[in-house]
Amino acid sequence: MSEKCSATKRGEYWATVRANKQIGERFYRLGLEFSGAGAEAFARVQAGQFAELDLSSAALPSAETIPQELVDAAGRKILLRRPFSFADVDTRDDRTLVDILYCVVGPATLRMTTLAAGGSVSVIGPLGNGFRVPDGKKTALLAAGGMGAGPLQHLAKILTADFPQIDAVAFAGAKTAEELPFERRLDKIAQQLEFSLPEFARYGVRSLVATDDGSAGFAGPVTDCFSEWLGKSDLAGESMVIYSCGPEQMLARVAEIAKTRNIDCQVSMERRMACGIGICQSCAVECRVADSAETVYKLCCEDGPVFDSKEVVF
Amino acid sequence: MTVSRFWFMEETVDIPVDFAGIRLANPVFTASGTSGYADELSDFMDVNALGGLVTKSITVKPRKGNATPRIVETDSGMLNAIGWANIGLDAFVEEKLPALDKLSCAVFVNIAGETIDEYVAVAERLATAEAIAGFELNISCPNVELGGISFGTDPSQVAAVTSAVKRAVGEKILMVKLPPAVTDISVIAQVAVDAGADALSLVNTFTAMVVDIETRKPVLANKTGGLSGPAIKPIAVYLVNKVYNEVAKGFGIPILGMGGIRTASDAIEFIIAGASAVAVGTANFIEPGCAVKIIEGVKEYCVRKNIANIKDLVGSLNQDLTD
Ligand SMILES: Cc1cc2nc3c(=O)[nH]c(=O)nc-3n(C[C@H](O)[C@H](O)[C@H](O)COP(=O)(O)OP(=O)(O)OC[C@H]3O[C@@H](n4cnc5c(N)ncnc54)[C@H](O)[C@@H]3O)c2cc1C
Ligand SMILES: Cc1cc2nc3c(=O)[nH]c(=O)nc-3n(C[C@H](O)[C@H](O)[C@H](O)COP(=O)(O)O)c2cc1C
Ligand code: FES
């Protein structure tokens with residue numbers, strides 16, 4: 001992973017569904033497989049890049065399994081593609097395997113749950129710019145809120161493989177233990193248990209869990225857990241880099257912490273996207289202009305989704 | 001592009017069209033605001049395979065655009081309130097025009113402004129640019145406070161802006177993009193034609209709103225947005241047919257028809273209703289290469305229906321209600 005986005009050719013590719021496993025009440029892990037040109041395009045995806053999936057022809061799940069609050073929305077016809085980032089990317093022979101961690105929140109993600117092994121889905125990607133690794137860093141702190149855990153798992157893998165000199169620590173938060181998007185039940189995990197999440201442990205990355213209600217790990221927002229950890233550490237600000245992905249409020253808080261401690265920080269932003277390829281201008285992120293009081297709108301899909309936290313006006 | 005084949009192996013045809021004095025390889029465009037400045041789509045399709053392309057609206061000064069959310073999906077459609085976010089005239093000339101010059105399809109620049117002078121300034125500056133075949137005058141954008149639709153709904157303003165820009169564009173084609181939600185679109189179309197429009201394009205998006213029932217607020221930061229996509233197609237086909245019959249046909253003015261086109265069948269509906277050419281908008285977001293598929297589909301239809309010249313299809317709506 002270099003400072004600048006490597007120019008993998010984006011395009012529209014068909015992926016075969018390998019698996020679509022429910023890992024929590026609302027969480028799933030979708031496994032896709034690309035061959036041919038798609039395999040080539042997705043083989044070198046950076047953590048934090050994303051793809052646009054066409055879910056318009058996926059079927060609805062059976063009526064009785066649709067959560068009450070989504071019943072009205074469920075009947076809506078899907079028109080636009082939906083953006084998702086990657087939790088894992090792997091190459092096997094001449095194929096590329098891609099995992100997406102997703103949460104059911106509306107009509108498209110509801111339909112996404114019915115994608116079945118052997119089926120296919122149209123994917124536009126890889127899109128946007130991922131996380132970058134600045135020179136001279138010794139410690140990477142990965143702060144994930146909810147579904148933000150996906151791309152940070154992918155980042156953990158890349159850091160371990162390509163940047164062995166960097167020690168990484170992950171922080172994963174959610175409202176409750178139920179809402180942590182990880183495969184293993186976490187209710188009883190103590191906050192001291194630093195290798196608690198197998199999704200990070202498999203890359204040798206320590207992880208700390210926080211839940212707002214204290215049902216797993218640290219009791220309170222993940223940003224408090226994160227800030228407390230930093231308070232106890234004696235690492236120099238310049239030797240660290242923070243990567244964060246999650247709800248915007250959380251990213252704003254992480255950006256604040258980074259600023260106070262003078263740590264480089266990259267945040268992955270989300271916006272409603274119509275195209276994902278830089279055409280429609282729908283995904284504007286307000287950004288500061290260096291040495292000026294002015295702001296500009298950058299495009300989440302093209303200039304992001306990963307931004308330097310100092311740049312973003314939260 | 002398809003080349004003429006020997007008669008005995010002719011499974012495909014050429015479908016060139018004459019459009020306000022220029023010859024297009026085929027009648028399929030990509031619509032303003034949905035194909036950027038061409039380079040964005042080039043990863044997905046051969047832009048030169050298009051008949052033409054209309055750029056995002058250009059204003060004299062760069063515009064940041066509206067706050068977010070700028071879009072929301074609806075049943076079979078979407079609302080957008082982008083607010084003419086664009087790089088401005090200077091950057092357009094410097095950064096985008098050189099690449100457009102290399103295209104072989106017809107390039108139309110969509111012009112927008114808050115005052116007549118602003119429209120004229122863009123037209124004057126680009127009037128001699130070789131890369132450009134013509135202009136599309138956006139007097140129908142629902143997403144800005146000043147300019148846009150406030151010009152397009154007032155016949156005297158339509159006349160004023162059209163004639164002023166017509167003087168500025170010199171030899172280039174001036175196409176006027178009509179606002180769809182007016183009492184009588186033909187009145188506006190007639191005024192535009194009288195003021196010098198060489199072509200008409202319709203429809204722009206319909207002003208619309210989506211409400212979040214939890215917060216009781218409009219979902220879009222701009223409160224309202226323009227509805228596009230399959231949801232508007234039947235209304236757009238009707239309006240094209242109305243303008244064709246009541247204005248365009250009599251004056252020999254071509255129509256660029258659009259609104260919800262995703263397939264060749266959609267495009268053919270518009271042509272039968274009276275459009276000389278069609279533009280693909282929202283569908284570019286979902287299937288960025290679909291314009292090329294549409295071109296192929298229109299060709300297949302012409303072969304199947306024995307249509308030698310696509311002109312014969314334009315406005316060929318069968319009014320005979322007996323079987
Ligand atoms: C770059 C990027 C990467 C993403 N990666 C993932 C991922 O890895 N896993 C995952 O589960 N989700 C991810 N998302 C979010 C995902 O795209 C949305 O959850 C999905 O589009 C919802 O579609 P839907 O039809 O199910 O629900 P919708 O009805 O479209 O949305 C449900 C609710 O979420 C809100 N919403 C939808 N999209 C957004 C958005 N982009 N920003 C803020 N609010 C929104 C809507 O207002 C609505 O209230 C990502 C988004 C972006 C922009
Ligand atoms: C996101 C978006 C941006 C648009 N921007 C412009 C624009 O800058 N100028 C313009 O004249 N029309 C603009 N339009 C309108 C389209 O050119 C077209 O008239 C309309 O969307 C109907 O076609 P469709 O249903 O195929 O999208 C925009 C439409 C969308 C969806
Ligand atoms: S989503 Fe269309 S420009 Fe970013």
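Tabulated results
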{"quantity": "Evaluated over segment B:156-309, the Cα radius of gyration and Dmax, each in Å", "calculated": "17.3, 57"}
{"quantity": "Pairs from B:LYS172/B:LYS293; A:LYS137/A:LYS310; B:LYS177/B:LYS242; B:LYS64/B:LYS96; A:LYS77/B:LYS223 whose Cα-Cα separation, in the structure shown, is over 21 Å", "calculated": "B:LYS172/B:LYS293; A:LYS77/B:LYS223"}
{"quantity": "Ranked by how many other beta carbons lie within 10 Å on average, peptides B:305-313, A:125-133, B:217-225 from highest", "calculated": "A:125-133, B:217-225, B:305-313"}
{"quantity": "Reference-scaled alpha-carbon Rg (2.2 N^0.38 Å with N residues) for chain A", "calculated": "0.96"}
{"quantity": "For chain A, built as a Gaussian network whose Cα springs stay under 10 Å, the top-fluctuating residue of A:ASP135, A:ASP303, A:ASP213", "calculated": "A:ASP135"}
{"quantity": "Mean ellipticity per residue at 222 nm, deg cm²/dmol - from DSSP H runs of n ≥ 4 across chain A, formula -39500 (n - 2.57)", "calculated": "-5500 deg cm²/dmol"}
{"quantity": "Gaussian network model of chain B, Cα within-10 Å springs - most flexible of B:VAL210, B:VAL107, B:VAL298", "calculated": "B:VAL210"}
{"quantity": "Rounded, prolate or oblate (a/c below 1.5 giving rounded, otherwise prolate when a/b exceeds b/c) for segment B:43-97 by Cα gyration tensor", "calculated": "oblate"}
{"quantity": "Exposure proxy ranking, count of Cβ atoms within 10 Å, fewest first, for B:LEU79, B:LEU239, B:LEU103", "calculated": "B:LEU103, B:LEU239, B:LEU79"}
{"quantity": "Shape call, segment B:1-123: gyration tensor on alpha carbons, a/c limit 1.5", "calculated": "prolate"}
{"quantity": "For the protein assembly as shown: rounded, prolate or oblate by the Cα gyration tensor [a/c cutoff 1.5]", "calculated": "prolate"}
{"quantity": "Within chain B, helix-based [θ] at 222 nm, where runs of 4 or more DSSP H residues each add -39,500 (n - 2.57), nearest 500", "calculated": "-7500 deg cm²/dmol"}
{"quantity": "Equivalent ellipsoid semi-axes - Cα gyration tensor, segment A:11-127, angstrom", "calculated": "25, 14, 12"}
{"quantity": "Virtual spin-label span in nm between B:ASP212 and A:LYS310, 7 Å along Cα→Cβ", "calculated": "3.2 nm"}
{"quantity": "DSSP beta bridge pairing in the protein assembly as shown, given as percent antiparallel to the nearest 5", "calculated": "50 percent"}
{"quantity": "Percentage relative contact order, chain B, counting C-alpha pairs under 8 Å, at least six apart", "calculated": "19 percent"}
{"quantity": "Rough spin-label spacing in nm, given labels placed 7 Å along Cα→Cβ, for A:ALA252 and B:ASP14", "calculated": "6.0 nm"}
{"quantity": "Label-point gap, in nm, between A:LEU70 and B:ASN245 - each point 7 angstrom along Cα→Cβ", "calculated": "4.6 nm"}
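Each reported figure results from applying straightforward, stated rules to the coordinates on display, with no laboratory input. All figures in this text were calculated on a predicted structure; none of them were measured in a lab. Using ideal geometry, Cβ is built from the backbone for each residue, glycine included, and neighbour counts are taken over all protein chains shown.
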